[in-house]
1. Quick check on region 33-41. Is at least one of its residues in contact (Cβ under 8 Å) with a residue 24 or more places away in the chain, among the hydrophobic types (A, V, I, L, M, F, W, C) and under 26 Å from Arg155 (Cα atoms)?
2. Looking at (1) without any contact (Cβ under 8 Å) to a residue 24 or more places away in the chain; (2) outside any loop (DSSP other than H, G, I, E, B); (3) not acidic (Asp, Glu), which is the one condition that is false for Gly82?
3. Look through Gly98, Gly82 and report the one residue that is on the phi > 0 side of the Ramachandran plot and buried (at least 16 other Cβ atoms within 10 Å of the Cβ).
4. Looking only at residues that are in contact with a Gly (Cβ under 6 Å, 6 or more places away or on another chain) and within 28 Å of Ala39 (Cβ to Cβ) in region 120-152, which one is surrounded by the fewest Cβ atoms within 10 Å (Cβ to Cβ)?
Amino acid sequence: MTGDFSVRARETLLTSHVFRVDRLVVEAPDGTLFERDVAVHPGAVAVLAVNGRGEVGLIRQYRATVGRLCWEIPAGTLDREGESPLAAAQRELVEELGFAAGSWREIGRFMNSPGWTDQVMVVYEARDLVERPRDPDGPEERLAEVAWFAPEALRRVLLAEEALDSTTAVALHRIYGDFLDGR
């Protein structure tokens, strides 16, 4: 543990196929004990796929957590034993968009919400795309819409009144930065 805080006890409250929830008993530097429930997650990857026309591929799929369709870059959990983040990103790109890429670059890592989960997202940029048959995993992906957006259209997606997936927003800002902000 960092600093003078230390975990004194850990109890697993829930285990699912994607994550588990642990209750931590933490001791603060002043000796105060407090509890925090944490979603323990294996991590995830996301892919900002850019085609030869400079368009970014997004998938619009149903998300039960928010009860609606969401535009997102392809992403997935590091849930396969021994699979590297890059291999998972390559798999997700084929599954969700139906493309393989000849060029890969890691563009960032970030914590989704460190107040309640330890999940770290690794984001890649993929270029030199070659079409492959889509290999969707689950009904949400199978029924999803795939679309390609030019940078001008991406600005409208980012500024729309609907809430935007944070991974997509971070990835777009890493590549397009000020352009998407309208500066």
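1. The answer is no; no qualifying residue exists.
2. All conditions are met except number (2).
3. Numbers: Gly82 fails: buried (at least 16 other Cβ atoms within 10 Å of the Cβ).
That would be Gly98, the only listed residue that is on the phi > 0 side of the Ramachandran plot and buried (at least 16 other Cβ atoms within 10 Å of the Cβ).
4. Val120
Values in this text are rule-based calculations from the coordinates and carry no lab data. Everything quoted here is computed from the prediction, not taken from an experiment. All Cβ positions, even for glycine, are placed from backbone atoms using ideal geometry, and neighbour counts span all protein chains on display.
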